[in-house]
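**Q** I have a structure I would like to understand better, so I am pasting it below and will then ask my questions one at a time.
Every number here is computed from the coordinates shown, using simple stated rules; none is lab data. Because the structure is a prediction, the values reported are computed rather than measured. Every residue, glycine among them, receives a Cβ derived from its backbone with ideal geometry; neighbour counts consider all protein chains shown.
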Amino acid sequence: MCGIAGIVNFNAKENQEVILNRMLRAMSHRGPDATGLYLGDACGLGHARLSIIDLSGGHQPMHNETRDVWIIFNGEIFNYPELREGLIRRGHRFYSQSDTEVIVHLYEEHGPELFHHLNGQFAIAIWDQRRNQLLLGRDRVGIRPLFYHLAEGRLHFASEIKALFSDERIPRRLNTRTLSDVFTCWTPVDPLTAFDGVYQLPPGHLAVFDTGGLHIRRFWQLAFHEAEPDARSVEEWEEQMAALLLDASRIRLRADVPVGAYLSGGIDSTYLSTLVHNNFNNRLNTFSVQFSDKRFDETYFQQTALMAIQTQHRAIQCSYDDIGRIFPKVVWHAEVPMIRTAPAPLMMLSGLVRRSDFKVVLTGEGADEIFGGYDIFKEAMIRRFWARHPESNLRPFLLGKIYPDIFDQASGRPSAFLIGFFKKNLEQVDSPVYSHMVRWLNTSQLKGFFSAEMQFQTDDLESFTRRIVDQLPAAFHQWSPLAKAQYLENTLFLSNYLLSTQGDRMAMANSIEGRYPFLDYRVVELAAQLPAKLRLNGLTEKYLLKRMARGQVPSQVINRPKQPYRAPISRCFMGENPPDYVDELLSDAGLNSAGCFDPAKVRRLVTKCRQQEGRLVSERENMALVAILSTQLLHRQFIQAFPSFSGEPMAHTVVERQAVTPHDH
């Protein structure tokens, strides 16, 4: 795991070394162990290293035997030993034991097609001196980030946006379309980011930059090829998936440093921890978050799992004050507005991992997406069932099975308000985005807090939906309703929210690498072949995974009610000890400075949150508060008061200049 940065300019020579050092300083948290530079005529590459594999010999930038192909790489290639053996048989010579050098030789063999051979999580940049060409690539599901800015024939790229902004030539402006998207579907929509002119390379894509410009294309796409229910027995599916997940976990333990695991108390992390503990590492260290607010706390289930697995365990205690205190740092690292505080405890958790002398953790992210684990999938199924008889008074009551906290079970029927809420667009079952319409409609009402100018610049819900539909693959319309919902969740939510805001960015803030066995592309592709009923069987989510876990994971964990990971919101900012920055950012002056929100509307929201201290504040009002506050923080940190990152070159920097004569190792 690392941070990468680069500049390619075919039009003029420039002092790349100064800018690259600033870029590396801006994301030194991603690579505190070493830094390195390559400086060529048109291309400069920078690397900040977090040493995981080949601690002494894996320094970057790295090159081939003739020193005319150079690479910087953020991530891990988990099948690198097998790839290395094949390359050696074909005559390639290696001077390190790292996975990075394997990529260089794969490029010599396959060119841009090399990404098809990689099983890993990666953002890669390869400079080919012979072709005067840069190749960029990002892993299939978007675990590792890669951002770029292109202007006047000069391309900047980096693992984080703040690294790009360390070059003062790149303008810093919030992107109003992205703000509208976040206030609709919770995340930016590829390839946009929160800033004008800054883009992300989408997951499963590569880019080639040469004198002819920047050319981007897809090399992998999630596709569902659901088998018929009787294509094979449930036992056969179970055996194949269990074997694949075991292997995915095994290869993700490849490291020259200890590997721990997150243990939330849910089936996903408990199952992975059990696999690792029972098959590979019986001294496994696990880590978890515990909340002072019992509505969010999962300690009972964590303890139940620990009694069964017997790992060496550490937990972080998270309070309202903790979240309020750390939230500005969360926004700084996330680089995007957010509508939840859930990333904050995860940043605290990665800090605990780092203090415990670990650099790598396995986590259970991805299981809900690939096995149909989210409530939104069940909600869509119930609404489709309801839509067959839209006037039924009984069918909407099924929603109480998945949302018991908002349905009054004692009354025997849901309230008229809730019926009206979930009945919106009920009969539009032919819409490609039917599963997500309620969420988007609900969240988009947060845009009512936008200033008049912002309201004028943002998309309405119809325009937003049309943009999403236009990006859907051609085969999408032939998939099952569950597959359609899963595709939307995987392509919108997984990469740009879960793996970014709650994954890479919160872990790397403390120099921790997360690894995700459920997101091994072989597991993802097999899950997309499962009959729908093995993913969501009636109202039983993750049906096949629960079968696999029987006898290994405690039944209390397998059968526990679904509890989405969340964290407190309004009481973190409006409680007994509110953070100092809240009043400043939410004042009329602070809001007018950014120009994104209507001060009068925000003032009414803040008054209500303060009076109720979070007790009677609705979910939508909580979302509005954190969305407004995070946007204000983003504006202050990146627009108003962005640091210069100037100074002396970073310690341990090794400068590699373009070689005049080949050097063979």
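**Q** What spacing in nm lies between the two simple spin-label points modelled at residue 300 and residue 480, each 7 Å away from Cα in the Cβ direction?
**A** 3.3
**Q** A further question on this structure: If each DSSP helix of 4+ residues adds -39,500 (n - 2.57) and the sum is divided by the residues in the chain, what number results at 222 nm, nearest 500 deg cm²/dmol?
**A** -11000 deg cm²/dmol
**Q** While we're here: About the Cα centre of the chain, how large is the charge dipole given +1 on each Lys and Arg Cβ and -1 on each Asp and Glu Cβ? Please answer in debye to the nearest 20.
**A** Using Cβ point charges on Lys, Arg, Asp and Glu, the chain gives about 1280 debye.
**Q** Place +1 on the Cβ of every Lys and Arg and -1 on the Cβ of every Asp and Glu in region 2-220, take the dipole about the Cα centre, and give the residue among 15, 123, 192 whose Cα lies farthest towards its positive end.
**A** My answer, from the dipole projection, is 192.
**Q** Compute the relative contact order of region 570-640 as a whole-number percentage, counting only Cα pairs closer than 8 Å that sit 6 or more residues apart in sequence.
**A** 40
**Q** Compute the distance from the alpha-carbon center of region 304-338 to that of region 239-301, in whole Å.
**A** Using only Cα atoms to place each centre, the spacing works out to 16 Å.
**Q** Which trypsin sites (Lys or Arg not before Pro) in region 503-566 sit in a loop by DSSP (not H, G, I, E or B) and have at most 10 other Cβ atoms within 10 Å of their own Cβ?
**A** Listed in order of number, the matching sites are 550.
**Q** Order of 521, 434 from fewest to most other C-beta atoms within 10 Å?
**A** Listed from fewest to most nearby Cβ atoms, that is 521, 434.
**Q** Next question, about the same structure. Any idea what the dipole of region 376-485 comes to, in debye rounded to 20, about its Cα centre with Lys/Arg Cβ at +1 and Asp/Glu Cβ at -1?
**A** Roughly 420 debye for region 376-485.
**Q** Using a cut-off of under 16 Å, list every residue of region 10-39 whose amide N is near the label point 7 Å from the Cα of residue 211 along the Cα-to-beta-carbon line.
**A** 10-13
**Q** With r defined as the distance between the Cβ atoms of residue 618 and residue 234 and R0 fixed at 35 Å, what FRET efficiency is calculated, to the nearest 0.05?
**A** 0.25
**Q** Related question: List the trypsin sites (Lys or Arg not before Pro) within region 245-302 that DSSP assigns to loop and that have no more than 15 neighbouring Cβ atoms inside 10 Å.
**A** Details: sites: 250, 252, 254, 283, 294, 295; in loops: 252, 254, 283, 294, 295.
Sites meeting the loop and neighbour criteria: 283, 294, 295.
**Q** Another question about this same structure. I need the trypsin sites (Lys or Arg not before Pro) found in region 60-156, filtered to DSSP loop residues with at most 10 other beta carbons within 10 Å of theirs.
**A** On the way: sites: 67, 84, 89, 90, 93, 130, 131, 138, 140, 154; in loops: 67, 90, 93, 130, 131, 140.
Counting only loop positions with at most 10 other Cβ atoms within 10 Å, the trypsin sites (Lys or Arg not before Pro) in region 60-156 are 90, 130.
**Q** To continue, here is another question. Sum up the charges of everything whose Cβ sits under 9 Å from the Cβ of residue 147, counting Lys and Arg as +1 and Asp and Glu as -1, but leave residue 147 out.
**A** -2
**Q** Follow-up question, since we're still on this one. Work out Dmax and Rg for region 570-640 from the C-alpha atoms and quote the Rg first, both in angstrom.
**A** 11.5, 34
**Q** Something else now. Which is farthest toward the positive dipole end of the chain among 545, 442, 461, measuring Cα position about the Cα centre, with Cβ charges +1 (Lys, Arg) and -1 (Asp, Glu)?
**A** In the chain, that residue is 442.
**Q** Moving to a separate point now. Provide the gained length on full extension for the span residue 281 to residue 223, in nm with one decimal, where the gain is 0.36 nm per separating residue minus the Cα-Cα distance. Each step should come with its number before you reach the end.
**A** Working: separation 58, 0.36 × 58 = 20.88 nm, distance 3.42 nm.
Fully extending the segment from residue 281 to residue 223 adds 17.5 nm.
**Q** Between residue 455 and residue 563, with labels modelled 7 Å along Cα→Cβ, what's the label distance in nm to one decimal, could you check?
**A** Output for this residue pair reads 4.1 nm.
**Q** Can you tell me how much longer the chain between residue 29 and residue 90 gets when fully stretched, taken as 0.36 nm per residue apart minus their C-alpha distance, in nm with one decimal?
**A** 18.2 nm
**Q** What are the extents of the Cα atoms of the chain along their three principal axes, listed from largest to smallest and rounded to whole Å?
**A** Largest first, the chain extends 82, 63, 48 Å along its Cα principal axes.
**Q** Relative to a virtual label point 7 Å from the Cα of residue 522 in the Cα→beta-carbon direction, which members of region 64-88 show backbone nitrogen distances below 13 Å?
**A** So the set is 78-83.
**Q** Moving on. Given R₀ = 51 Å, FRET efficiency for residue 384-residue 555 by Cβ-Cβ distance, to 0.05?
**A** 0.95
**Q** Continuing with the same structure: For residue 419 and residue 256, what does the FRET efficiency come to when R0 = 45 Å and r is the distance between their Cβ atoms, rounded to the nearest 0.05?
**A** Result of the calculation: an efficiency of 0.20.
**Q** Can you give the relative contact order of the chain as a percent, counting alpha carbon pairs under 8 Å and 6+ residues apart?
**A** 19 percent.
**Q** Can you sort 76, 541, 108 by how many other beta carbons sit within 10 Å, fewest first?
**A** 108, 541, 76
**Q** Among 300, 221, 133, whose Cα sits farthest toward the positive end of the charge dipole of the chain (+1 at Cβ of Lys/Arg, -1 at Cβ of Asp/Glu, about the Cα centre)?
**A** 300
**Q** Could you work out how far apart the two model spin labels at residue 110 and residue 610 are, taking each label as a point 7 Å from the Cα in the direction of the beta carbon, and quote it in nm?
**A** Placing both labels 7 Å along Cα→Cβ, they lie 5.9 nm apart.
**Q** Between residue 429 and residue 469, 0.36 nm times their residue separation minus their Cα-Cα distance comes to what?
**A** Fully extending the segment from residue 429 to residue 469 adds 12.9 nm.
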